[in-house]
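No value in this document is a laboratory result; all are computed from the given coordinates. Just so we're clear, the structure is a prediction, and the values are computed from it rather than from any experiment. Don't worry about glycine lacking a Cβ; one is built from the backbone with ideal geometry, like all the others, and counts go over all protein chains shown.
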Amino acid sequence: MKPYVHSNYERVAEDYYPTIDKRCIYGFLEYFTPQGVCVDVCSPNGSGIVDTLKECGYDAYGIGDAFVDKIDAEWIITNPPYDKKIVDKIINRCIRRPMDGEVFGVAVLLRSNFDYAKSRWSMFSASANYYGQVKLLFRPWWSVEHTKSPIHNYCWHIWANYLTGYPVVHYAKGVYASLP
């Protein structure tokens, strides 16, 4: 079945699209200054998220297993593969970690309409410590060739064990990066 919006690019194996557009991370950093170590749990082959966080002076590393028993970090900052069979499982495992006090917070880069599905309501409820989102006011590039304009909007969804109240929406320009 063809998706309702087709990108004209062939899908990459296992939906592995590293976050090469640094503006995504800069957009997150416009509103959050993660303290301590940051980990990308969906980076088996390297991570643009980790690289950019390190360039900005943060202590960051990547692993390829979002389901590992223990995370040695304060923040999980990740862009999961959008495979319908696994993405919800990855996010549910990640957001359980601040609820259990294992990590301080979780930031997940997702398409802006990800939270519209009623099957995902529990991810975004107060009981899940959902803080809110940082909407990116640009469409990220997922390939080095800039021959076709990106068509999808993205935002960071944030969960943290210390943030309470109604979800907050921030708007990030990601202006700190320039594209070639």
Amide proton proximity set for His170, modelled H, under 5 Å, gap of 5+
Gln133, Val134, Lys135
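Could you give the semi-axes, largest first, of the ellipsoid that matches region 15-172, computed as the square roots of 5 times the alpha carbon gyration tensor eigenvalues and rounded to whole Å? Walk me through the intermediate numbers first.
On the way: eigenvalues 92, 66, 50 Å².
Listed largest to smallest, the semi-axes of region 15-172 are 21, 18, 16 Å.
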Starting from the 7 Å offset along Cα-to-Cβ, what nm value, one decimal, do you get for the label separation of His170 and Lys70?
3.1 nm
So what is the calculated 222 nm ellipticity per residue for the chain, using -39500 (n - 2.57) for each DSSP H run with n of 4 or more, over all residues, to the nearest 500 deg cm²/dmol?
-4500 deg cm²/dmol
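Packing-wise, with mean Cβ within 10 Å as the measure, how do 140-153, 68-81, 120-133 rank, highest first?
Numbers: 140-153: 12.2, 68-81: 19.1, 120-133: 16.5.
Top of the packing list down: 68-81, 120-133, 140-153.
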Whole-Hz couplings from phi, Karplus 6.51/-1.76/1.60, listed for region 70-77; x for Gly and Pro:
10, 9, 9, 6, 9, 10, 9, 10
Sequence order, region 118-127: Karplus ³J(HN,Hα) from phi using 6.51 cos²θ - 1.76 cosθ + 1.60, θ = phi - 60°, Hz rounded, Gly and Pro as x, gives 5, 5, 9, 3, 4, 5, 10, 7, 4, 5
Label zone at Tyr82 (point 7 Å along Cα-to-Cβ), backbone N below 14 Å, region 128-170
136, 139-143, 150-157
